[in-house]
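Colleague: Before anything else, here's the structure in question.
The values are calculated or read from the model by the stated rules, or taken from the named source; none is laboratory data. Every value quoted in this text rests on a predicted model; they were computed, and no experiment measured them. Every residue, glycine as well, gets a Cβ built from its backbone with ideal geometry; the counts of neighbours run over all protein chains shown. When the accessible area is computed, the model is the full protein with side chains, heavy atoms only, and any ligands, DNA or RNA have been set aside. Shrake-Rupley method; radii C 1.70, N 1.55, O 1.52, S 1.80 Å.
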Amino acid sequence: MAGYPLGVIVLVVLFLLIYFGLAQRVLDRLYLSDRAALALLAAIIVGSFINIPLSRGRIVSSINVGGGLIPLGLAVYVLYRCGTRKEIGRTLLAAAVTAGVIFALNSWLMRGREPWDFAMNVLDPLYYYPLVAGVTAYLVGRSRRAAFVAAILGVLLLDLIDYLMLAASGIRGTVAVGGAGILDVSLLSGIVAVLLAEFIGEGRERLQGGPEVEGRPRSLLEGLRLKTAKKVLPEEKRSDRDE
Amino acid sequence: MNKRAAVLVSLSLLLAAILASTLTYRARITGWNPLPAFSLGGLDPKEHTVGTYTTLVDEEGRVLDKMARPVYKDDEFIAADNYRYRVTEIRGDLAICTRIGREDVVLEGPSFSEAPDMATPAQAGGAKNLVAIYHTHTDESYIPTDGTESIPGQGGILKVGQVFAGKLRSLGVNVYHDVSAHEPHDNNSYKRSRRTAAQLLQKGPAALFDIHRDGVPDSDFYRQVVAGESFSKIRLVVGRENQNMNANLDFAKKIKAAADAKHPGLIRGIFIGAGSYNQDLSPRALLLEIGTHTNSREEAQRGAGLLAEVIPTVLGISPPAGPAAAGTVGDWKGVAFVVLAFILGGLAFLVLSSGGWDKALARLRQYTSVEWMNLLGQGRARPRGSGGRPDGNTRKVLDKSIVPAEKLPSNDERKDWQKD
């Protein structure tokens with residue numbers, strides 16, 4: 001960074017600090033403690049500098065540790081910790097739908113077009129990924145964790161589609177899974193999708209005057225600070241925090 | 001079971017809606033032929049929108065600029081004569097622009113707080129004397145030379161990049177020219193090239209260029225002839241949908257100023273358009289459009305060479321002791337933007353999630369007291385020097401077994417941050 005004007009350094013550092021801060025807050029919500037989230041964030045940052053080559057030649061493919069492997073591992077871990085089979089099914093469905101919608105939007109509709117060439121151009125394509133993932137996951141899974149997994153797996157699925165398309169078309173190409181490390185679209189999507197699910201969820205709860213409790217399983221209710229929930233559950237079973 | 005059915009039905013409805021809208025849209029823009037898109041054969045990335053373009057005119061109908069992209073309201077551009085325009089209305093392929101002022105396009109720039117003596121030694125010494133170049137659309141080609149406007153993975157644009165890189169090297173600049181292919185040419189191209197760009201940035205370049213060409217059919221519009229030799233003009237593109245927009249715009253203006261001084265007519269203008277173009281990754285990243293597909297590649301290569309001549313001066317890299325790359329007002333505008341966005345976004349979320357100003361404030365207090373303590377261990381909570389037991393509130397929080405959970409309203413706030 002030496003040699004850059006002060007303004008540029010402040011701009012970059014500030015942006016990264018805020019981004020890392022948000023990332024840590026998001027990881028915090030994925031069955032991880034504060035410290036584990038911080039450690040994982042550090043691992044992602046360091047891992048951003050490590051690329052594992054997978055293939056050379058016409059299709060150059062590689063996977064980045066910070067932007068590909070760790071987020072993938074985290075998504076699998078979150079899936080593994082999921083409460084029910086239904087939840088896992090929904091989350092995987094959300095991932096597939098996310099990949100499908102983004103592919104339809106960006107490849108099929110936009111093929112041969114500049115990104116700004118879309119009739120409803122409000123956003124750079126960069127921002128479609130997390131928005132689609134966040135909204136899809138929220139509609140399908142109604143949870144932040146589903147949003148995270150759907151975004152990560154959805155965007156990684158796109159890489160797989162890319163690889164298959166390149167393999168079928170015979171042209172030169174690059175599939176660098178998570179190649180931009182912590183700034184890669186996959187991780188960025190995961191983080192923004194969680195925040196989005198949170199915004200939608202919180203906003204909706206606020207509008208309807210509190211979360212729905214009717215007919216919900218106890219394991220979910222115990223996380224809430226509702227008067228009714230407190231009465232229902234025995235004292236010793238209530239955990240103060242859910243990890 | 002009923003609920004499950006409802007979920008399934010709504011999901012399939014959603015899918016059907018998405019599919020239907022994509023089909024309709026596709027049919028509208030390309031004529032009815034949606035099916036081939038499902039076969040891999042239909043995914044031939046050669047399809048392009050060259051030929052269709054937008055003409056930017058002022059209120060009197062004079063042509064200001066042309067570009068192979070629909071232009072959007074509120075896009076701005078700085079014309080070759082440094083007048084700045086804003087697009088106020090779109091009528092089909094016409095974009096009506098209003099002049100909003102004249103830009104101060106000078107190389108020195110309004111010197112900001114950092115004095116030259118701060119920036120110069122760093123530039124001369126330890127600064128990375130490195131420029132990184134990549135191509136998001138590796139298929140872009142020049143018809144008169146390459147025979148077609150698109151060669152997936154092997155476009156003529158790569159050779160234009162080579163000339164740009166070669167010229168920079170001959171001027172003593174280290175260059176990293178990445179020729180990774182980002183095929184197919186679609187909206188995901190920028191996702192793919194983002195990885196290339198991020199990898200390049202890890203090498204610490206002073207500037208990052210994404211080299212493209214335009215798709216306007218009129219080759220003369222991009223052609224400049226000096227002393228019997230023609231070269232193609234260059235447009236600098238700044239994406240306005242990211243936090244680095246002001247910094248990158250100032251960078252573009254400096255390049256234009258330097259080029260205007262050395263090679264008048266080389267810069268077609270600066271376009272500030274919707275999009276991000278990976279410029280969120282660096283405050284010294286630009287997209288260059290070198291000529292158009294109907295220019296010969298040689299013209300484009302000559303244009304690229306001329307542009308390369310002024311880059312070392314702008315970056316303060318080169319002899320003869322060019323003015324150092326001083327900071328710009330734009331850098332600080334970017335900083336202000338990031339801070340503002342963070343504060344506004346954070347406040348909005350806080351108020352929304354806690355349900356009112358009072359609760360938001362309480363939670364903020366909670367955050368500063370408990371959250372950081374949790375993260376940094378208990379040291380911060382203890383009075384310095386005493387090393388004694390934490391007192392009052394802190395003990396309550398640390399030693400949860402002492403106080404029943406109901407009597408700790410503050411912990412609910414903590415839990416709020418971590419609930420599912």
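Colleague: Looking only at residues in region B:252-273 that are within 14 Å of chain A (Cβ to nearest Cβ) and open to solvent by less than 10 Å² (accessible area, probe 1.4 Å), which one is modelled with the lowest pLDDT?
Modeller: Step by step, filter region B:252-273, then rank; the result is B:Gly273.
Colleague: If B:Asp74 passes every condition in (1) at pLDDT 75 or above; (2) within 14 Å of chain A (Cβ to nearest Cβ); (3) part of a loop (DSSP other than H, G, I, E, B); (4) crowded, with 18+ Cβ neighbours inside 10 Å but one, which one does it miss?
Modeller: Failed condition: (4).
Colleague: If you don't mind, another one. Tell me, yes or no, whether region A:161-172 has at least one residue that is more than 10 Å from every other protein chain (Cβ to nearest Cβ) and either over 28 Å from A:Gly66 (Cβ atoms) or surrounded by fewer than 17 Cβ atoms within 10 Å (Cβ to Cβ) (or both).
Modeller: No; the residues of region A:161-172 include none that is more than 10 Å from every other protein chain (Cβ to nearest Cβ) and either over 28 Å from A:Gly66 (Cβ atoms) or surrounded by fewer than 17 Cβ atoms within 10 Å (Cβ to Cβ) (or both).
Colleague: Looking only at residues that are of a type in the set (Gly, Ala, Ser), surrounded by 19 or more Cβ atoms within 10 Å (Cβ to Cβ) and farther than 23 Å from A:Met165 by Cα in region B:123-169, which one is modelled with the lowest pLDDT?
Modeller: If we take residues in region B:123-169 being of a type in the set (Gly, Ala, Ser), surrounded by 19 or more Cβ atoms within 10 Å (Cβ to Cβ) and farther than 23 Å from A:Met165 by Cα, then B:Ala127 is modelled with the lowest pLDDT.
Colleague: One residue is enough: does region B:208-215 have a residue meeting the conditions at the interface with another protein chain (Cβ under 9 Å from one of its Cβ atoms) and more than 24 Å from B:Arg297 (Cβ to Cβ)?
Modeller: no
Colleague: Still on this model: Tell me which residues, restricted to region B:205-235, are at pLDDT 95 or above and within 13 Å of B:Val314 (Cβ to Cβ).
Modeller: B:Phe209 - this is the single residue of region B:205-235 that is at pLDDT 95 or above and within 13 Å of B:Val314 (Cβ to Cβ).
Colleague: Taking the conditions exactly as written (among the hydroxyl-bearing types (Ser, Thr, Tyr), more than 23 Å from B:Phe342 (Cβ to Cβ) and in a loop (DSSP other than H, G, I, E, B)), does A:Tyr31 satisfy them or not?
Modeller: Here the answer is yes, as A:Tyr31 does meet what is asked.
Colleague: Can you report the number of residues in region B:229-251 which are aromatic (Phe, Trp, Tyr) and either within 10 Å of the chain's Cα centre (by Cα) or within 13 Å of chain A (Cβ to nearest Cβ) (or both)?
Modeller: Looking only at that region, the number is 1.
Colleague: Residues A:Ala23, A:Ala36: which one is open to solvent by less than 10 Å² (accessible area, probe 1.4 Å) and more than 10 Å from chain B (Cβ to nearest Cβ)?
Modeller: A:Ala23
Colleague: Right, next: Go through (1) open to solvent by less than 10 Å² (accessible area, probe 1.4 Å); (2) outside any loop (DSSP other than H, G, I, E, B); (3) among the small types (Gly, Ala, Ser) and name the single condition B:Ala181 misses.
Modeller: Among (1) open to solvent by less than 10 Å² (accessible area, probe 1.4 Å); (2) outside any loop (DSSP other than H, G, I, E, B); (3) among the small types (Gly, Ala, Ser), the lone unmet condition for B:Ala181 is (2).
Colleague: Is one or more of the residues making up region B:324-341 under 18 Å from the mean Cα position of the chain (by Cα), at pLDDT 90 or above and within 11 Å of chain A (Cβ to nearest Cβ)?
Modeller: No, that holds for no residue.
Colleague: Within region A:173-198, track down each residue that is open to solvent by 20 Å² or more (accessible area, probe 1.4 Å) and more than 7 Å from every other protein chain (Cβ to nearest Cβ).
Modeller: A:Val177, A:Leu188, A:Val192, A:Leu195, A:Leu196
Colleague: Of the numbered conditions (1) away from chain B (no Cβ under 12 Å); (2) within 25 Å of A:Tyr128 (Cβ to Cβ), A:Val65 satisfies every one except a single condition; which is it?
Modeller: With respect to (1) away from chain B (no Cβ under 12 Å); (2) within 25 Å of A:Tyr128 (Cβ to Cβ), A:Val65 is out only on (2).
Colleague: Within region B:37-71, can you find the residues that are at pLDDT 80 or above, touching a strand residue (DSSP E or B) at 6+ places or on another chain (Cβ under 8 Å) and open to solvent by 40 Å² or more (accessible area, probe 1.4 Å)?
Modeller: Across region B:37-71, the qualifying residues are B:Tyr53, B:Glu59, B:Val63.
Colleague: Select from region A:8-23 the residues that are free of Cβ contacts under 8 Å to residues at least 60 places away in the same chain, of a type in the set (A, V, I, L, M) and touching a helix residue (DSSP H, G or I) at 6+ places or on another chain (Cβ under 7 Å) and list them in ascending order.
Modeller: A:Val8, A:Val10, A:Leu11, A:Leu14, A:Ile18
Colleague: Within region B:199-206, is even one residue closer than 24 Å to B:Val173 by Cβ, assigned to a helix (DSSP H, G or I), within 12 Å of chain A (Cβ to nearest Cβ) and open to solvent by 30 Å² or more (accessible area, probe 1.4 Å)?
Modeller: Checking region B:199-206: at least one residue is closer than 24 Å to B:Val173 by Cβ, assigned to a helix (DSSP H, G or I), within 12 Å of chain A (Cβ to nearest Cβ) and open to solvent by 30 Å² or more (accessible area, probe 1.4 Å).
Colleague: For A:Gly112, only one of the following conditions fails: (1) farther than 16 Å from B:Arg192 by Cα; (2) modelled with pLDDT under 55. What is its number?
Modeller: All conditions pass for A:Gly112, except number (1).
Colleague: Taking B:Ile290 and the conditions (1) within 30 Å of A:Gly179 (Cβ to Cβ); (2) within 14 Å of chain A (Cβ to nearest Cβ), which numbered condition does it fall short on, given that it satisfies the others?
Modeller: Failed condition: (2).
Colleague: Here's a follow-up. Regarding region A:168-180, can at least one residue be identified that is touching a residue at least 24 places away in the same chain (Cβ under 8 Å) and in a helix (DSSP H, G or I)?
Modeller: no
Colleague: Now a separate question. Which residue is farthest from the other protein chains (Cβ to nearest Cβ), if the candidates are limited to region A:76-92 and must be part of a helix (DSSP H, G or I) and open to solvent by 70 Å² or more (accessible area, probe 1.4 Å)?
Modeller: The qualifying residue farthest from the other protein chains (Cβ to nearest Cβ) is A:Val76.
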